[in-house]
Amino acid sequence: MLFRTNHSIFVVAHPDDVELFAFRSLVNAIKLKHKITIIILTAGDDGKGNQGGSDNSYWKLRVNGQKNALKFLLHRIADTPITEKHFDTDTWHTSLNNLSIYNLKLPDQRHHGQFKNENQLTLIERNQIDFISTIDNLKKYTKSDVIKKIREIITIDSGIFQEKHLHITSLSTQNSNDHTDHRAASKLAIDATKNLIKHQNIHEHQTYNNIKENINMSTEEQFLHAAVWGIYNSKIQSEYPELSGRLQTVYIGKEYIIK
């Protein structure tokens with residue numbers, strides 16, 4: 001008899017989007033022992049760039065903060081030792097037991113010029129710019145390249161007999177305050193998985209759909225969510241204290257509508 005393992009895939013724009021907006025879905029996937037793949041399209045550099053490759057560069061603090069937060073969460077829920085592996089590829093790729101994190105390192109910043117009010121990820125999704133360079137300028141992605149890369153990562157991480165659950169952020173226009181790059185990441189993910197594997201269902205889940213319709217977590221879930229978010233932010237706040245106003249604690253203990 002062949003063992004069938006479910007696979008939860010989260011495709012988001014920034015390091016922290018899963019932990020902040022899809023926390024309950026992530027916790028459930030860990031409890032159910034799913035294979036978990038997190039694909040982050042931007043480095044989360046917030047326009048600061050690579051800062052000369054410094055180990056304390058803002059984007060590295062964000063991806064390492066996410067890694068540390070996930071290690072805590074995995075240990076807290078599964079109560080098993082964490083095996084960490086890092087792979088040198090064209091993406092920032094780390095595995096923690098049965099959870100893999102990939103970051104394409106695209107810039108998380110505004111495009112200066114004709115489209116100054118749009119994020120670069122949004123522009124590439126709309127075919128309004130030819131390509132995006134990674135923040136280290138080592139790779140260029142067109143829209144089709146981004147879609148191909150998402151599909152490639154999912155295919156590498158997936159077993160033939162796995163049922164897939166795709167978790168994305170908002171595609172709704174109901175939340176006008178949402179970042180356009182959240183929707184762009186979701187649309188690129190849907191394009192990438194549309195016909196990924198013949199005869200295999202991919203269940204699509206949307207989170208952060210409408211800020212006015214939230215799911216309130218239990219006291220225990222809120223405590224765990226706050227702890228994970230505190231671990232994520234600890235190094236960032238020590239290196240960039242001026243960002244203390246961006247802790248986004250208003251979202252702790254909430255997860256938005258699941259489609």
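The values are calculated or read from the model by the stated rules, or taken from the named source; none is laboratory data. Owing to the predicted nature of the structure, the values given are computational and were not obtained by experimental measurement. Neighbour counts are summed over all protein chains in view; Cβ atoms, including those assigned to glycine, are modelled from backbone coordinates with ideal geometry. Ligands, DNA and RNA are stripped out before the accessible areas are found, and what is left, the full protein with its side chains, is counted by its heavy atoms. Shrake-Rupley method; radii C 1.70, N 1.55, O 1.52, S 1.80 Å.
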Checklist entry - What distance in nm separates the simple spin-label points at Asn216 and His75, each placed 7 Å from Cα in the Cβ direction? => result 3.3 nm
Item to check | Pair Gln248, Lys148: separation of 7 Å Cα→Cβ label points (nm) | outcome: 3.1 nm
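Let's test the formula: R0 of 25 Å, r as the Cβ-Cβ distance of His93 and Lys140. What FRET efficiency results, to the nearest 0.05?
0.85
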Next on the checklist: Let me cross-check Asp46: its accessible surface, 1.4 Å probe, with only protein heavy atoms counted, in Å² to the nearest 10?
Outcome noted: 60 Å²
Checklist entry - What lysines could a cross-link reach from Lys235, if we take a straight Cα to Cα line under 25 Å and drop same-chain neighbours fewer than 8 places away? => result Lys48, Lys60, Lys67, Lys71, Lys85, Lys105, Lys254
Next on the checklist: Need one value: the accessible area of Glu163 in square angstrom, 1.4 angstrom probe, rounded to the nearest 10.
Outcome noted: 50 Å²
